[in-house]
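Enquirer: Structure in structure tokens, see below.
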Amino acid sequence: INGYLGEVIQEIITLGIIGFIALLVIPRQLQSPLNNIRQRPLSSLGIGVLTFIISFALWIVILLLFILTIFIFLALQLSDMIVIAVMGIGTINIGAASIFYFLAIYLSRIVVCLGVGRIIVRLAVGDDGSPRILYVSLLVGVVLLGLVAWLPYFGSFVTAFALAIGLGALTLTITRAEFREPPRASLQPASPVTILPNRSDSNRQIPPPPRIDENDRPAGPGMNNLPNGFNWWGPKDDED
């Protein structure tokens, strides 16, 4: 019993600290996978198991390629390249593996704890959507998972289930955010064009052209040097 309680307390403290930090830093991202767990639980579970299998196979392939690269550099007597390969590729692989398994082991279970805790808190006291309810839900889920996870046999099954479904929900959320199509631009103009109503031809009135005064009409080219009284195309004088 002492060993069981010690493991439960350690589990609650670890998941609680990481969960509270995650809620402070990324509260929306931590709640987004809950929709996948609620709406597509079987898909989340299957994708989580598949992600674990692919991850193990991928790290084995990367390790084999890393060892093959070292042997090639040894055969070519490139000692400097061996140091670069060990430091560079090894650091990248270790860093990527650490991030992935941190997400798989801790954040996946924290997402499940948050989802289970929200259900219990909603049934018990209700959910007003405040941050306080989120923290209380996380605490309830962490305590419940910590008590169940270290039970003989049944606890291992619950832990594996929480890891798989939580990781699958996280994977679905990340892939949807990564491959989501950008919003298409609207084909309509920003400001709508006002179209006047059509009028029938019978009611349409065409305004007359403006009246031109004869005195305001400009003289044509070559009219400046004509003699006085010359009126070639106008009406004839009485004398003529």
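The values are calculated or read from the model by the stated rules, or taken from the named source; none is laboratory data. Given the structure is predicted, the values throughout are model-derived calculations rather than measurements. Every residue, glycine among them, receives a Cβ derived from its backbone with ideal geometry; neighbour counts consider all protein chains shown. We work out accessible area using only protein heavy atoms, side chains counted, and drop any ligands, DNA or RNA first. Shrake-Rupley method; radii C 1.70, N 1.55, O 1.52, S 1.80 Å.
Enquirer: At 1.4 Å probe size, with every protein chain present, just tell me what the per residue accessible area of the range 18-58 comes to in Å².
Expert: That works out to 63 Å² per residue.
Enquirer: OK, next. What ³J(HN,Hα) values, in whole Hz, does the Karplus curve 6.51 cos²θ - 1.76 cosθ + 1.60 give for the range 43-56 when θ = phi - 60°, with x put for Gly and Pro?
Expert: Each residue of the range 43-56 in turn: 5, 5, 5, x, 5, x, 5, 5, 5, 4, 5, 5, 5, 5 Hz.
Enquirer: Moving on. Excluding VAL121 itself, calculate the net charge of residues whose Cβ lies under 13 Å from the Cβ of VAL121, where each Lys or Arg counts +1 and each Asp or Glu counts -1.
Expert: Neighbourhood net charge equals +1.
Enquirer: Oh, and also: Give the calculated FRET efficiency between ILE92 and VAL125 to the nearest 0.05, with a Förster radius of 45 Å applied to their Cβ-Cβ distance.
Expert: My answer for the efficiency is 0.45.
Enquirer: How long are the three semi-axes of the equivalent ellipsoid of the range 84-145, in whole Å, if each is the root of 5 times an eigenvalue of the C-alpha gyration tensor, listed from largest down?
Expert: 38, 10, 6
Enquirer: Additional query: Carbon and sulfur: what percent of the range 1-99's accessible surface (1.4 Å probe)?
Expert: The value for the range 1-99 is 77 percent carbon and sulfur by accessible area.
Enquirer: Moving to a separate point now. Could you go through the range 156-169 in sequence order and give the Karplus-derived ³J(HN,Hα) for each residue, using 6.51 cos²θ - 1.76 cosθ + 1.60 with θ = phi - 60°, rounded to whole Hz, and x for Gly and Pro?
Expert: Going residue by residue, I get 5, 5, 5, 5, 5, 5, 5, 4, 5, 5, x, 5, x, 5 Hz, with x marking Gly and Pro.
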